[in-house]
Structure formats: C-alpha cells, structure tokens
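Here the structure is laid out as structure tokens; the discussion comes afterwards.
The values are calculated or read from the model by the stated rules, or taken from the named source; none is laboratory data. Treat the numbers as computed from the prediction; the structure is a model and nothing was measured. As a convention, Cβ positions derive from the backbone with ideal geometry for all residues, glycine included, and neighbour counts pool all protein chains shown.
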Amino acid sequence: MATVIFYEKQRCASNALQKAMLENTEPMPPSTGAERVTAYHTRTKHSLNHYAAGPEALDWTMQPNPFREFSDTLLINLPLGAQQLTTPLSSIYQPDDFEPQPLSLKSVGALLELSMGISAWKEYGPDRWALRCNPSSGNLHPTEAYLICQNIPALENGLYHYVSRDHALEQRCRNQSELPGEDGRLFIGLSSVHWREAWKYGERAFRYCQLDVGHALGALRYAAGALGWRLRLVEDVNNSELEKLLGLDRSSDFERAEHEEADLLLEVMLRPMTGSQHDLAHLITLENGAHWAGTANVLDPHPMYHWPVIDEIAAATRRTASTANATAWESHPLLAHSRDKPAADVILQRRSAQRLDATASMTLEDFCLMLDRLLPRQMAPWDIWNFEPCVHPVFFVHRIHGLKPGLYALPRSRNAKDRLRAALRKEFLWEKAQQCPDHLPLFLLTQADCRSAARTISCHQAIAADGCFSLGMLAEFDEVVASDPWRYRQLHWEAALLGHVLYLEAEVMNLRGTGIGCFIDDAFHEILGITGTEFQSIYHFTVGRPLLDTRILTQPPYPNRDADTITQ
Ligand SMILES: Cc1cc2nc3c(=O)[nH]c(=O)nc-3n(C[C@H](O)[C@H](O)[C@H](O)COP(=O)(O)O)c2cc1C
C-alpha cells in the first residue's frame, strides 16, 4: 500500500554522506543514560548539508503492514457511532459541566473510534490508504493500543489489542481470577513498533515514534473528554512491568514478528481523581489464572536496513522509577470560543494540510485562543500528568491581523521566560505582545519576514512559510534528561500534545495544521542564538488555510459497518 507522503524523501546522496551514514550505523559508546540521550539526539539531527542516517532508497511497495494483528484470538467488534456524541469541544475543557458516560462496550468503542480509529480512507489512482483520528509521521502509525478491562459489561476481564482497521478488539488474555472491587475500570496501554517508522526514517525514527505516542495521548484525552471522562498517566509502573502487563514480553507470541516497545499506561477516570490510585498489584494478578491467546503478525517480511541505535536509545530511556512531581497549576482565565463545534466532528474531520494558501491570514482573536489552549492548566489535555511544562513554542508569525510579522516566544511556565532570555540571542526584544490578553505570555523577540527561514528550517517544506504561522518547540533538554533519561520520551509527548491542541483548534477555526517532524535542528537553534543543549527544538508545526487536492477521493472509515446509536 503506497502513501502520498514524500516530505523526507529528498535526500542528498553524495559519496561523503553515504560514508557518513555507514559510519553512523555504529552503535553508540557506553555512557550514562543522559549522555546516551544527548548523543542520540545529536546524531539524529538533520543539518543543511545532510539528513540523519536513513535508508538511501525506499521501495514503496515494500512498506510494512500498517496493521498489527494477533491470530487465533477471540475478535470482538466494537460498536460505531461516536459521531452521535454531541459534546461541544469547549466542554472538554470544562468537564464538570456534564455527566460522564458509563463504562460499556459502546462507550469503550466510542473512545477508541475517536482516538485510534480510522477517520477516512483516501484514494488516488491505484493507491488507497487509511487516515486515523491520531496523526502520524509519514502516516506510518507505529503506535499500538491495548486495553485492560475490569468489570466492564460485555467485556471479560483481561487484556485486549485494538485493531483500528476493523474497529475490533482481539482478546489477548482472559483472566478468570476474581479481581477486587466492583467498579468498572479501564486502562489503556500504548506501545510502538519502531520498525514501522525506522523503515522509512532510519535513526531519527525513535523521535517520531515518541511524537506519535504524544499525539495518541492527545487523541485519547480529547476522545475521553467527549465522553465526559478524564485520563491519568499511571506513574507507578515501570517499563518491564508494563511489558508484562501488555504481553509484550511473551517472546513466543512475537517469534518472527517485530517487537513492540512499551510506552505508557493510562487509566480512564469517570470522576476527578481522589486520593491515590495505586493498585498495580491487582493488575499484575492478571498473570494468575490468565489464559493467553494470539500470535503477532509479521509486518515486514524482508527488512532491508538495521538501525541498532534505536534499540539503544529505547533501552536508555526506559522508565525505571516514578518521577512525577506535584504541579502548581496556574489559574489563567479560559478564553471563550465564539465558534464551537461538536468534539466528535472536529476529531473526525482533523487532517494534516498538505498545501496552505500563502495569501490567507487569520485573526488575532483566533491566534490568541489557540495560544490560550496551549497554556498548562488542570484541564485537557494537560491534566494527564503531574509534571511542570518543559516545552516552549517559538512562533514564526507570518500573517496574523494586528500582529507584526516576526519571531515570538511563549514561555509556558513561570521561570521559563528568564531561562529562555538567558539562553537566546541577547538582541531579542522580549516585548510583551500588548494586543493579546494579559494572561498570555507572548513576547515579540524580533520583527522580521520569517517565511524563507521557516521554510528552510522545515526541510524546505512550503507549508512552514505558507501558513499564517509556524513554530518550533523548545524543550528544556539538559535538565530534564539529567533528572531521568526516560523523560526524553516525555518531552516528545508534551510537544506532540501542543501539536494536537493546534490540530483540533485549527479545525474549529476552519484552518488546518500539520506536524513537522522534518526540521533542521541546529539551523533553528542558530536563528535563536542557542549554542548548547540547555534548550533543544524537538517538534515543529504549521497552521494556515488549507488548499485541498480534489483529485484525492475520500471514502468512509468503516464502509461495511453500521453505526450504532449512542445515547447521552
Ligand atoms: C510527528 C509528526 C511529524 C510529521 N511531520 C510532517 C512533515 O514534516 N511534513 C508533512 O507534510 N507532514 C508531516 N506530518 C503529517 C503526517 O504526514 C500526517 O499526520 C499523516 O500523513 C496522516 O495524515 P492526517 O494527519 O491527515 O491523518 C507529521 C505528523 C506527525 C504526527
């Protein structure tokens, strides 16, 4: 199955580069976890002279199967019909205003339909490909979702794998032992098949997998919000426990199939969390009296390249301990939307823009509203975890009414402004954008026409210049990675959450966003005057008015399935 995604295909293929790439496939020298992370991050930077090590040639007909399946499992078709949920997007930010749906097969189906499910099939000539509610770099979808269910009507207790193509659950493990407590509980585990990304992107693929996990997290948080639910990241589970819980350590079930790396575990909360939810021990009892089924399918029978550095960075960033800290949430006022839409519609219509209108502009009001949703508060999607914000966008403003074109920074935590100011160019103005509401910490750094720079930095992609604005996301790198190398993953999740908010808010405003994973790292840093690794850019994004390609046909996501009625 071919896709029409070419943004990282134009590689420079000089002899010198090929030599450098071969050298780059050597494993990393042993060092501390934080040093390994920095070494990986550095070697996977794109530069103006060459891209990070990746395959020299791609045979699109050999693309790995985008759908993981487990043979010989009980298949449970999930109901469709999430579109009937009428929750406005704005209510997801204020969930106390409506009753949560009960846990049932229908609501679980709606959660998955609106997060990891297919949103449309696309056709162009002989090519046909699926789009999902969660975006993914290169549409390669390395993220897999698992459910651990306890006392949910019509679902036996145990572990299930979600097959987005069929909107169905495969029963991986049935648990006959009685689990304590009568209330229904639902956990969602995410994992990544690194090879799905590495096949196309080589060594940089680990970063993309983490960004995709972050988008899946955002997609799940908004989908949960449409049902009146919250999500919490389960902090007291380490990687090996999670592997066990999700059955990813069962080597005989993955004999020839590509390995999945455990990423994170979430719990669905029908009510705001009170007290500690520590009960992992109960989940681990899944093991006792458990009946396993299923063998994973092989996604790529003929892998051509190997990128050992990906396994090394995965090992260096596995979570070994709980490192959450209590966040002092800010209580900024929440700007009200003049144009609300049902969340389900927004989620299902979300797409990445492939071309943007280079003449279109957006209003300052819409821009401020987008920025407002990026501020950390105890609301979706930021309430997923208890960590201080560590990712701060720097905007290339191109065409926003009432705002001078130029570079702007949005420090997202109280002390970030001073630290950014110290790390960025001394000449920057740091003038508060007075046109924006007081609580928005948006600062003009310099007035300039940034279109050409934005385009160059984004691997020469026109969407970065043709949008109303584009941005790079600066992560507090050294300090966070030194505190726990696992947080290298989490920095990417936070950046992708920022991107996910922009994707959805853009749709409400009849605009469109696109994540930009292909960017020239140090060229961006150079513009900002960043010389060390205290701050590093980890994701870019653009928003503008989309130009649609009418040659591409859109087909329904599940053409052979009827929608069921959901009452709310
Ligand atoms: C982490 C990430 C990086 C991406 N990088 C780029 C990029 O550099 N250029 C681009 O045109 N699209 C990029 N995309 C958009 C994907 O190509 C797009 O999500 C995918 O094709 C699926 O299409 P959809 O978002 O419309 O569902 C990126 C998406 C993600 C999530």
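Here Asp340, Asp300, Asp366, Asp345 are screened, and the one residue that is within 30 Å of Gly228 (Cβ to Cβ) and assigned to a loop (DSSP other than H, G, I, E, B) is Asp340. Taken over region 500-525, residues that are out of contact with any Pro (no Cβ under 8 Å at 6 or more places or on another chain), within 19 Å of Pro411 (Cα to Cα) and not aliphatic (A, V, I, L, M) amount to 2. Counted as qualifying within region 385-491 are the helices (runs of 4 or more DSSP H) with 3 or more residues that are of a type in the set (Lys, Arg), namely 416-423. Looking across region 136-159, the residues that are over 16 Å from Ser352 (Cβ atoms) and in a loop (DSSP other than H, G, I, E, B) come down to Pro142, Asn151, Pro153, Ala154, Glu156, Asn157. Selection of first residues in region 451-464 that are over 17 Å from Arg399 (Cβ atoms) and of second residues that are in a helix (DSSP H, G or I) and near the ligand (Cβ under 10 Å from one of its atoms), restricted to Cβ pairs under 9 Å at least 6 apart or on distinct chains, gives the following pairs, ordered by first then second residue: Thr456/Ala464; Ile457/Ala464.
When you check Tyr51 against the structure, is it at pLDDT below 85, surrounded by 17 or more Cβ atoms within 10 Å (Cβ to Cβ), within 16 Å of the ligand (Cβ to nearest atom) and among the hydroxyl-bearing types (Ser, Thr, Tyr), yes or no? Taking the combined requirement at face value, the residue does not satisfy it.
All of (1) farther than 23 Å from Asn560 by Cβ; (2) hydrophobic (A, V, I, L, M, F, W, C); (3) touching a Ser or Thr at 6+ places or on another chain (Cβ under 7 Å) hold for Ile148 with one exception: (3). Output the qualifying pairs, or none if there are none: Cβ atoms under 7 angstrom, residues six or more apart or on different chains, first residue in region 511-523 and more than 21 Å from Asn139 (Cα to Cα), second residue basic (Lys, Arg). Hits for this filter: Asp521/Lys45; Asp522/Lys45.
Would you say Ala223 is within 26 Å of Tyr93 (Cβ to Cβ), crowded, with 22+ Cβ neighbours inside 10 Å and touching a Leu at 6+ places or on another chain (Cβ under 7 Å)? Give the derivation first.
On the way: within 26 Å of Tyr93 (Cβ to Cβ): yes; crowded, with 22+ Cβ neighbours inside 10 Å: yes; touching a Leu at 6+ places or on another chain (Cβ under 7 Å): yes.
Criteria met by Ala223.
Restricting attention to region 321-359, the residues being assigned by TED's automatic domain parsing to the domain that holds Pro376 and away from the ligand (no atom under 16 Å from the Cβ) number 1. Can you find a residue in region 499-510 that is outside any helix (DSSP H, G or I) and touching a Ser or Thr at 6+ places or on another chain (Cβ under 7 Å)? No, region 499-510 contains no residue that is outside any helix (DSSP H, G or I) and touching a Ser or Thr at 6+ places or on another chain (Cβ under 7 Å).
Please indicate, with yes or no, whether at least one residue in region 412-427 is surrounded by fewer than 20 Cβ atoms within 10 Å (Cβ to Cβ) and closer than 22 Å to Ala506 by Cβ.
Our first condition is that a residue be surrounded by fewer than 20 Cβ atoms within 10 Å (Cβ to Cβ); within region 412-427, this holds for 413-415, 417-419, 421-423, 425-427.
From the residues that got through so far, the ones that are closer than 22 Å to Ala506 by Cβ too are none.
No, every residue in region 412-427 fails to be surrounded by fewer than 20 Cβ atoms within 10 Å (Cβ to Cβ) and closer than 22 Å to Ala506 by Cβ.
Yes or no, residue by residue, for (1) more than 17 Å from the chain's Cα centre (by Cα); (2) within 10 Å of the ligand (Cβ to nearest atom):
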{"site": "Trp493", "(1), (2)": "no, no"}
{"site": "Leu497", "(1), (2)": "no, no"}
{"site": "Glu505", "(1), (2)": "no, no"}
{"site": "Thr514", "(1), (2)": "no, yes"}
{"site": "Ala523", "(1), (2)": "yes, no"}
{"site": "Gln536", "(1), (2)": "yes, no"}
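Considering each residue of region 478-487 in turn, none proves to be among the polar types (S, T, N, Q) and farther than 23 Å from Arg419 by Cβ. I want to confirm something. Restricting to region 538-559 and keeping residues that are in a loop (DSSP other than H, G, I, E, B) and under 23 Å from the mean Cα position of the chain (by Cα), which single residue is nearest to the ligand (Cβ to nearest atom)? Result: Pro557. When we screen Arg196, Arg207, Arg165 for residues that are within 16 Å of the ligand (Cβ to nearest atom), surrounded by fewer than 23 Cβ atoms within 10 Å (Cβ to Cβ) and either among the basic types (Lys, Arg) or at pLDDT 95 or above (or both), the only hit is Arg165. Restricting attention to region 482-489, does a residue exist that is crowded, with 24+ Cβ neighbours inside 10 Å and within 16 Å of the ligand (Cβ to nearest atom)? The answer is yes; a qualifying residue exists.
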